[in-house]
Amino acid sequence: MNDIIADSITRIRNAALRRQDATKLLYSKTVESILNVLQSKGYIDSFKTDESEVKRYIDVFLKYDDGRSAITEIKRVSKPGRRVYRAARDVKKFKNGFGSIIISTSKGVLSNDEAHKQNVGGEALCTVW
């Protein structure tokens, strides 16, 4: 597998479409920091690292409001074949403030709101709304 972030996003999207309570992702520090942003924004309920097996996994517990998933759409923006970067001046609201862009910056993985406050840009990893 070349892109663990795209695999994680696809697993979350598929679990949300099938109305599953939880899904299991392969562990990566970047994936863990993306999940921190998703949890702080209220898109997922919680997550925990599972180290009981040989490989490390992350169990993600999805959030639902009245049977509807909190995640309407989640997409990978920057891919291994085509990296997408946003300058600090280009980091603004997404979907009129209803969505978020998750950006990998020099200060860590941040949402577009936090990156705008800190006046930093970086690689746009994915969009969520």
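What follows is calculated from the coordinates using simple rules that are stated; it is not laboratory data. Quantities reported herein were computed from a predicted structural model and do not represent experimental measurements. Note that each Cβ is placed from the backbone with ideal geometry, even for glycine, and that neighbours are counted across all protein chains shown.
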> Excluding Val120 itself, what net charge comes from residues whose Cβ is under 14 Å from its Cβ, given Lys and Arg +1 and Asp and Glu -1?
Replying inline: +1
>> I need Glu53, Glu73, Glu123 ordered by Cβ neighbour count within 10 Å, fewest first.
In response: Glu53, Glu73, Glu123
>> Placing unit charges on C-beta atoms (Lys and Arg positive, Asp and Glu negative, everything else neutral), compute the dipole magnitude of the range 1-88 about its Cα centre in debye, rounded to 20.
In response: 500
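Would you calculate, for the chain, the mean residue ellipticity at 222 nm contributed by helices, counting each DSSP H stretch of 4 or more residues as -39,500 (n - 2.57) and dividing by all residues, to the nearest 500?
When only DSSP H runs of four or more count, the value is -8000 deg cm²/dmol.
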>> Quick check on the range 44-114: take the gyration tensor over C-alpha atoms, sort the square-rooted eigenvalues as a ≥ b ≥ c, and tell me if it's rounded (a/c under 1.5), prolate or oblate.
In response: oblate
> Relative to the first principal axis of the alpha-carbon coordinates of the chain, what is the inclination of helix 29-41, with its axis defined by its Cα atoms, in degrees from 0 to 90 and to the nearest 10?
Replying inline: 80
> Going highest first, how would you order 44-51, 102-109 by mean Cβ packing within 10 Å?
Replying inline: 102-109, 44-51
> Beyond 19 Å, what percent of the Cα pairs of the range 4-128 remain?
Replying inline: 46
> Relative contact order (percent) for the chain, with alpha-carbon contacts under 8 angstrom and 6 or more residues of separation?
Replying inline: 23
> On full extension of the chain, what length is gained from Thr72 through Tyr27, given 0.36 nm per residue of separation minus the C-alpha to C-alpha distance?
Replying inline: 13.8 nm
